[in-house]
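Working notes, structure below.
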Amino acid sequence: MSRLENIITSMVELFLEYADDEGKKKQLNKEELKRFLEKEIQSEEFKQQISAEAVEEAMEMIDKNHDGEINFREFCRCVSVLAKCYFNQKTGKGGRRGKGRDEPEDN
Ligand SMILES: [Ca+2]
Ligand SMILES: [Ca+2]
């Protein structure tokens, strides 16, 4: 499989693995989101963006249609936020050294 295909299938499988755990299928509730963040977000850089300790905040940020669950579309958005954050770090935009919270990028 190509790298891109790997990413795509991983995202789908990752989402389904956590989303089908309890409650509604194909939707992440708060508990599932917490588990997902705890297990799958480990580096400090990413935790600064979305951390399991701040699951309420994360839920609010990711749950765009405010139905209390994260659907796949919202999940993709969350991953893209993290990817953008990593991209900015890697390309020096927003700066690694600056730490603290940078101005949020407009989407
Ligand atoms: Ca669920
Ligand atoms: Ca939602």
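The numbers here are math on the coordinates, done by the rules we state, and not lab data. Keep in mind that what you see is a predicted model, and the values were worked out from it rather than measured. Glycine also receives a Cβ, built like all others from the backbone with ideal geometry; neighbour counts cover every protein chain displayed.
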Checklist entry - Under the rule of -39500 (n - 2.57) per DSSP H run of 4 or more residues, summed and divided by the residues of the chain, what mean residue ellipticity at 222 nm is obtained, to the nearest 500 deg cm²/dmol? => result -18000 deg cm²/dmol
Next on the checklist: What value in Å³ per residue do you get for the convex hull of the alpha-carbon atoms in the chain?
Outcome noted: 114 Å³
Next on the checklist: Under a Cβ-only charge scheme (Lys and Arg +1, Asp and Glu -1), can you give me the dipole magnitude of the chain about the Cα centre, in debye to the nearest 20?
Outcome noted: 560 debye
Next on the checklist: Ranking request for peptides 44-50, 69-75: highest mean number of other beta-carbon atoms within 10 Å first, then the rest in descending order.
Outcome noted: 69-75, 44-50
Checklist outcome for this item: Of 18-26, 32-40, 2-10, ordering from highest average Cβ density within 10 Å down gives 32-40, 18-26, 2-10
Checklist entry - Given Cα pairs under 8 Å that are at least 6 residues apart, what percent is the relative contact order of segment 3-90? => result 25 percent
Checklist entry - ARG73: net charge of surrounding residues, Cβ under 13 Å, Lys/Arg +1, Asp/Glu -1, itself excluded? => result -1
